[in-house]
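What follows is a set of notes on a single structure, which appears directly below.
The values are calculated or read from the model by the stated rules, or taken from the named source; none is laboratory data. Remember, predicted model here, so these are calculated numbers, not experimental data. Counting neighbours? That spans all protein chains shown, and the Cβs are built from the backbone with ideal geometry, glycine included.
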Amino acid sequence: MSQNDGLEIIRALDELQKERGITKEVLLDAIEAALVSAFKRHYGSSQNVRVLIDPATGKVLVLARKTVVEELDDPKGEILLDDARAIDPGYNPGDVIENEVTPKEFGRIAAQTAKQVVVQRIREAERGVLYEQFSNREGDVVTGAVSRVEPRNVVLDLGKTEASLPQQEQISTERYEPGMRLKCYVVEVRKTSRGPMVMLSRTHPGLLKRLLELEIPEISDGVVEIRGIAREAGARSKVAVLAHDPNVDPVGACVGPRGARIQAVVAELAGEKIDVIPWSEDYSTFIANALSPAKVVEVRPDFISKVAMVVVPDYQLSLAIGREGQNARLAAKITGWKIDIKSESQVGLGGIPRFEIDF
């Protein structure tokens, strides 16, 4: 490696240290280790060598290392004590003698190897920075464009990296096309040799929670608190909210003027219906609220079995149950209670429960 090549590499290392925070010493150590392998590979040498790079000039030295011994077992890696003391009387057993063996043409190999190591370390540093950026966003919402649609996976372009939306995390009613922009919930970020692997979800309850926080100032400010979410992605969700200010209507704050706020979230979730209900520490009240939009006449909770019998008007029975039991199922999920729904006429006649659901 010529003097100019050596100085060029040292200047490049100095720039990398300033711009990317990769310390010059770390890079020099990596280059020296790589040059040891390159020397042995190109020259078929099995001798013990060390490569030294002058941090000021970039000059490369290959030093053969031999350990001083009293009995010779490995001529390539050892030297007899008498021979060592012929060089310098101060040598003792266990000392290491270094002798320069730098080949004349090694400079070209050194320059190529140094560049390869620098490029590799830059890529590793960039992948490390990306991982740190995205690992801090676990549990957050990101926006990306669909890059490609695979049989069981949708790949999104997040700008600096790609992310995966697996089939089980996709909304079944959505159809994804290249270029389509989506908001997704970051479920997990894994560190791989190719960079961060970002796993996304469109079905996670956290996506709904974060979208509400982004759309509704009272939630992001902490005036209104989300106490629970039950979600069947793409179909319907229930959100229980509580206001910490007595002058604020938590449901009204979430719905917004003419439903504008909640409709913005609904639009983002492909038309998923969202029931916003007031949370209550009173179990009967909360269970009745959870069955909204159905009207409830009475709730009879059994705290031992955690089963609540709910009485509704006859004409509200199908509404309370919902299509294929969806309304009752979501109410059970968000309250944590098993719900046994009866109509008023059934209660009056002592009839058998018409509908019973567990969460």
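Quick notes on this one:
- Residue within region 248-269 that is more than 30 Å from residue 143 (Cα to Cα), touching a Lys or Arg at 6+ places or on another chain (Cβ under 6 Å) and not assigned by TED's automatic domain parsing to the domain that holds residue 171 present: no
- Residue within region 150-163 that is surrounded by 15 or more Cβ atoms within 10 Å (Cβ to Cβ) and in contact (Cβ under 8 Å) with a residue 60 or more places away in the chain present: no
- Matching residues in region 259-290 - criterion: being within 24 Å of residue 342 (Cα to Cα) and either assigned to a loop (DSSP other than H, G, I, E, B) or not aliphatic (A, V, I, L, M) (or both): 275, 278, 279, 280, 281, 282, 283, 284, 285, 286, 289
This table checks each residue for (1) in a helix (DSSP H, G or I); (2) surrounded by fewer than 19 Cβ atoms within 10 Å (Cβ to Cβ); (3) hydrophobic (A, V, I, L, M, F, W, C); (4) on the phi > 0 side of the Ramachandran plot.
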position	(1), (2), (3), (4)
186	no, no, yes, no
189	no, no, yes, no
211	yes, no, yes, no
231	no, no, no, no
246	no, yes, no, no
254	yes, no, yes, no
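- Elements of type strands (runs of 3 or more DSSP E) in region 13-106, at least 1 residues being exposed (fewer than 13 other Cβ atoms within 10 Å of the Cβ) and charged (D, E, K, R): 96-100
- Any hit, region 291-306, residues being modelled with pLDDT of 95 or more, assigned to a helix (DSSP H, G or I) and either more than 37 Å from the chain's Cα centre (by Cα) or of a type outside the set (Ser, Thr, Tyr) (or both): no
- Qualifying positions in region 283-321 - closer than 17 Å to residue 228 by Cα and buried (at least 20 other Cβ atoms within 10 Å of the Cβ): 286, 287, 288, 289, 290, 291
- Residues of region 216-264 satisfying the condition of being farther than 26 Å from residue 201 by Cβ and either in contact (Cβ under 8 Å) with a residue 60 or more places away in the chain or of a type in the set (S, T, N, Q) (or both): 247
This table checks each residue for (1) in contact with a Ser or Thr (Cβ under 9 Å, 6 or more places away or on another chain); (2) basic (Lys, Arg).
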{"site": "58", "(1), (2)": "no, no"}
{"site": "69", "(1), (2)": "no, no"}
{"site": "79", "(1), (2)": "yes, no"}
{"site": "89", "(1), (2)": "no, no"}
{"site": "97", "(1), (2)": "yes, no"}
{"site": "105", "(1), (2)": "no, no"}
{"site": "115", "(1), (2)": "no, yes"}
